[in-house]
2 protein chains.
Amino acid sequence: MAEVMDAAIKPRQRRKEARPAELLAAALEVFAEKGFAATRLEEIAARAGVSKGTVYLYFESKEALFKAAIETAMTPAVEAVEAIANDPTRPAAEMLRCFVVGWWERIGTTQLGAVPKILVAESGNFPEVARWFHETIISRAQRAVARLIQIGIERGEFHPVDPMLAARVVFSPMFAIIIWRRAFGHFMPDLPEPRRFLDEALAILTYGLVARKKDES
Amino acid sequence: MAEVMDAAIKPRQRRKEARPAELLAAALEVFAEKGFAATRLEEIAARAGVSKGTVYLYFESKEALFKAAIETAMTPAVEAVEAIANDPTRPAAEMLRCFVVGWWERIGTTQLGAVPKILVAESGNFPEVARWFHETIISRAQRAVARLIQIGIERGEFHPVDPMLAARVVFSPMFAIIIWRRAFGHFMPDLPEPRRFLDEALAILTYGLVARKKDES
DNA sequence: AATAAATTACCGACCGGTCAGTAATTTATT
DNA sequence: AATAAATTACTGACCGGTCGGTAATTTATT
C-alpha cells in the first residue's frame with residue numbers, strides 16, 4: 001500500500017538493492033492469496049511498486065520467483081525455531097508449550113504463515129518445492145518436538161508414547177489454526193482467538209480430556 | 001484408467017446418464033491435483049473419456065463444474081457424518097473415538113478427502129464456496145463434536161473445557177492428516193499409517209501426555 | 001425384417017482473450 | 001556522455017468456450 005503510493009508520487013526510482021526484497025514480499029502476499037497459477041506477475045509488480053518488466057531484471061521466471069519467495073521467507077526462521085525448545089533444564093511440558101507458542105509467534109502471526117497454505121495448494125504442481133518444504137521445515141520441526149517428547153518420556157514426565165507420532169499430534173492444532181485462519185478467516189468472525197485455541201490445545205494435549213476420579217491436577 | 005482404455009477401443013459411445021457422474025469424479029480428481037486455475041478442461045474431459053465439447057453439454061462453465069464437483073461429493077456424506085456420534089448411551093470418550101474414526105473412514109480414505117485440500121487452496125479465489133464448505137461441513141461437524149464434549153462434561157467424564165475450542169482441537173489431527181496425505185504423501189514414505197496416527201492422537205487427547213505419579217491408566 | 005429418415009450425443013477445429021516473457025525505448029544517475 | 005535501471009509496447013503460447021459437422025441410436029415406413 002505504502003509502496004504503491006510512493007510509486008505513484010515518485011515514478012521511476014532506481015533502487016537496485018531494495019527491489020528483490022520488495023518483490024519477494026509482494027510475491028509471497030499475492031501467491032498466498034491466489035495460488036501460483038491464478039496470480040498475475042503484473043499484480044506482484046504493482047504491489048512492489050514497479051512494472052512487470054522489472055521483475056525480469058531480478059528473477060528468471062515466475063516459477064523462480066515463486067520458489068525464491070518461499071525459500072527466503074522460511075529459511076531464516078528455521079534455525080530460530082529449532083533452537084526454541086533446546087533448554088532441557090525445564091520440565092518437558094513447559095518446553096513443549098514454549099515450542100508451540102514460539103512457532104505460532106514466529107510463523108503463524110507473520111507473513112510466513114502464508115507459506116503452509118501455498119504449499120498445500122501447489123504441492124501437486126510443484127512437488128520438488130513441496131518436498132523441500134516438508135523435509136527442511138515440517139519434518140525438521142517435528143523431529144525437534146519428537147526429541148523433546150523423548151526426553152519427557154525418559155524423565156518419566158510423559159507417558160511412553162511413540163515420539164514421532166506424538167510430535168505430529170502436537171503439531172496438528174498449530175498447523176490447523178494457521179491454515180484455517182488464512183483459508184477461512186475472512187468470513188469467519190467466530191474463529192477462536194488463536195492464542196486461546198492454542199492454550200486450550202496445549203492443556204488438552206498435556207492433561208487430556210478425561211477427568212480422573214481420584215486426584216485432580 | 002478403465003474408461004480411457006474402453007474409450008480407445010470403443011470411441012464415440014453414447015451414455016447420456018453416466019456422463020455427469022463420470023465428469024464430476026474426473027473433475028474432483030484433477031482439481032484436487034492441480035487446483036482450479038491450473039486444471040485444463042481438456043484433461044478432465046480426457047479422464048472422463050470424452051472430449052472437451054461434451055463437458056459443456058452437461059455443465060455451464062468451468063466454475064459451475066468446480067462447484068458441482070465439490071457439492072455433490074460432500075453433500076451425501078454430511079448427514080451420515082452428523083449421525084455418527086449420536087448414541088448418548090455410551091461413554092463420551094468412546095463416542096469421540098467413534099466420530100473421529102467414522103469421519104476418517106467416510107471422508108479421509110475416500111475421494112472426498114480431496115475436498116478440504118481443494119478448498120484450502122482455492123479459498124481466496126472462491127470465497128463463496130469456501131464459506132459454504134466451512135458452514136455446512138466443518139462448522140456443522142465441529143458443533144456436533146462440541147455437543148458431544150458438552151455431554152461428557154455434564155456427566156463428569158471430561159474436564160470442564162470450552163466445548164467449541166476443544167472440538168476444534170479434536171478436529172485438528174484429522175484435518176491435518178487428511179491434508180498431509182494429499183499434499184505430501186507422494187514423496188513421503190515415512191508418513192505414519194493414518195489409523196495408527198489417529199489412535200495415538202485419540203489416546204493423547206483423552207488421557208494427555210503427562211503421566212500422573214499416583215495412578216496409571 | 002429391412003431400410004430410410006430423423007434425432008441427438010459427441011467430437012474437435014477454431015476463436016478470442018489473457019498473460020508470461022522479451023525487445024525497444026525512456027529516464028535517472030554518475 | 002555513458003551506463004544502468006526501469007518502463008512500455010509487443011509477441012506468442014495457451015486455454016476456456018463455441019459451433020458446425022459426424023456418427024450412433026431411435027423411429028417411421030415398407
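The values are calculated or read from the model by the stated rules, or taken from the named source; none is laboratory data. Note that the structure is a prediction, hence the values are computed from the model and not measured. Quick reminder, even Gly has a Cβ in these numbers, built from the backbone with ideal geometry, and neighbours come from all protein chains shown. Only protein heavy atoms, including side chains, enter the accessible area calculation; ligands, DNA and RNA are left aside. Shrake-Rupley method; radii C 1.70, N 1.55, O 1.52, S 1.80 Å.
Okay, here's what the table says:
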{"quantity": "Total residues in the range B:118-129, condition without any contact (Cβ under 8 Å) to a residue 24 or more places away in the chain and out of contact with any Gly (no Cβ under 8 Å at 6 or more places or on another chain)", "calculated": "3"}
{"quantity": "Odd one out for B:M95, checked against (1) open to solvent by 30 Å² or more (accessible area, probe 1.4 Å); (2) more than 16 Å from DNA strand D (Cβ to nearest atom); (3) of a type in the set (A, V, I, L, M)", "calculated": "(1)"}
{"quantity": "Neighbours by Cβ (under 6 Å, 6+ apart or cross-chain): first from the range B:55-84, within 16 Å of DNA strand D (Cβ to nearest atom); second of a type in the set (G, A, S)", "calculated": "B:V55/B:A45; B:L65/B:A27; B:A69/B:A27"}
{"quantity": "The lone exception for A:L209 - which of (1) in contact with a strand residue (DSSP E or B) (Cβ under 9 Å, 6 or more places away or on another chain); (2) of a type outside the set (K, R); (3) open to solvent by 10 Å² or more (accessible area, probe 1.4 Å) it fails", "calculated": "(3)"}
{"quantity": "Verdict on B:E105 being within 14 Å of another protein chain (Cβ to nearest Cβ), surrounded by fewer than 19 Cβ atoms within 10 Å (Cβ to Cβ) and either modelled with pLDDT of 95 or more or more than 16 Å from DNA strand D (Cβ to nearest atom) (or both)", "calculated": "no"}
{"quantity": "Members of the range A:110-129 that are in a loop (DSSP other than H, G, I, E, B) and more than 10 Å from every other protein chain (Cβ to nearest Cβ)", "calculated": "A:T110, A:F126"}
{"quantity": "Selection count where residues are in a loop (DSSP other than H, G, I, E, B), at pLDDT 90 or above and more than 8 Å from every other protein chain (Cβ to nearest Cβ), scope the range B:136-192", "calculated": "2"}
{"quantity": "Residue in the range A:59-75 that is open to solvent by 40 Å² or more (accessible area, probe 1.4 Å) and hydrophobic (A, V, I, L, M, F, W, C) present", "calculated": "no"}
